[in-house]
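What follows is calculated from the coordinates using simple rules that are stated; it is not laboratory data. The shown structure was predicted, so the numbers you read here are calculated from the model rather than taken from an experiment. Don't worry about glycine lacking a Cβ; one is built from the backbone with ideal geometry, like all the others, and counts go over all protein chains shown.
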């Protein structure tokens, strides 16, 4: 029972991070080309300024929870994924530094450089996060001792000894890039006004079309790579509500954006991310990290979970910490509601 609870607690924290920090990353991608002058660039940054660093706390908390609840998975994954994790760490650092420094420098050339770093780092982070999830779904070449090593790429083919990047994980990266960029465009359509708001709303439609296509392609690719991901769905047919939720949320994005109701469209985007990630987790359960070499080497709940006393005590402290984090998140989002345009009162 504790294994089931902690599996889904970790999943909830991952979903929370993607939903909250996802629009930050999407705004960073759009910052490269959607904003046309300094005033518009300031407006896009002001839309995420009060919340972006708080959103990233959920990533740290998720990593800490993973370390606490599933130490074997933490040790194996952070060792095998060392190279991409270092890349992600540097991208997070560059993104944060560029966002903080650009407003302290008056020289246009430095601001342009920092804007470029912020946009490129945001774009690469979306791709790496999507590819990371695809690596977990596809599996890794776990050895008998529970460890593995992955080069950045090999022959671009999934198999017993794949690389971090292959055609399947690239699809995962593209899905994340388009989904989070769309998420960011919907956030901008809520937080800004004028021409920039209209451009953000118009770009939703081509992004939505690309996302629908990529969602279907990723589903077909996942079934072909790891057919056993459907086992839980066949065993519990009511859970097919998850793919239905994916389709319904996509329809909601298109409908509410078309009707100029950005808040409802944004919430539909949140539901899309929730259903996609929840569906991936349910397809894996109770496996935490599949092995491409031998199914007997899969890291499962029973192999990776901490002791019962540790989990029971940790559940109390986890609940206390998450209550504080949730209250802070609610406070910040309610305190800074409204438009974030320069000169607009009420933000």
Please check: in the Gaussian network model of the chain (C-alpha springs, under 10 Å), which one of 24, 298, 145 has the largest mean-square fluctuation. 145
Can you give the FRET efficiency for residue 5 and residue 294, using 1/(1 + (r/R0)^6), R0 = 41 Å, r = Cβ-Cβ distance, to the nearest 0.05? 0.90
Of 168, 233, 17, which is the most mobile in a GNM of the chain whose springs link Cα atoms less than 10 angstrom apart? 233
How high is the FRET efficiency between residue 337 and residue 258 when r is their beta carbon distance and R₀ equals 30 Å, given to the nearest 0.05? 0.80
Region 147-204 and region 83-131: distance between their alpha carbon centers, rounded to Å: 16 Å
Assuming 0.36 nm per residue, please report the length gained on full extension of the stretch residue 241 to residue 83 beyond their Cα-Cα distance. 53.2 nm
What residue among 330, 117, 225 shows peak mean-square fluctuation when the chain is described by a Gaussian network model with Cα springs under 10 Å? 330
Once Rh for region 49-168 is found with the Kirkwood sum over Cα pairs, what is the Stokes-Einstein diffusion coefficient at 37 °C and 0.692 mPa s, in µm²/s? 202 µm²/s
Alpha-carbon centroids, region 1-69 and region 254-330: separation in whole Å: 13 Å
Just to be sure I understand the model, the point goes 7 Å from the Cα along the line to the Cβ. What's the resulting residue 37 to residue 303 distance in nm? 6.0 nm
Can you give the Rg to Rh ratio for the chain, taking only C-alpha atoms and Rh from Kirkwood? 0.97
With the 8 Å Cα cutoff and a minimum separation of six or more residues, the chain has a relative contact order in percent of 24 percent
For the pair residue 106/residue 160, report the inter-label distance in nm, with labels modelled 7 Å from Cα in the Cβ direction. 6.6 nm
Taking 0.36 nm per intervening residue step and subtracting the Cα-Cα distance, what contour gain separates residue 75 from residue 230 on full extension? 53.0 nm
Kirkwood Rh and Cα-based Rg: tell me the resulting Rg over Rh for region 146-277, rounded to two decimals. 1.06
Degrees separating the helix 241-258 axis from the principal Cα axis of the chain, which is the longest one: 10 degrees
By what distance, in whole Å, do the Cα atoms of region 241-335 stretch along each of the three principal axes, largest value first? 51, 37, 20
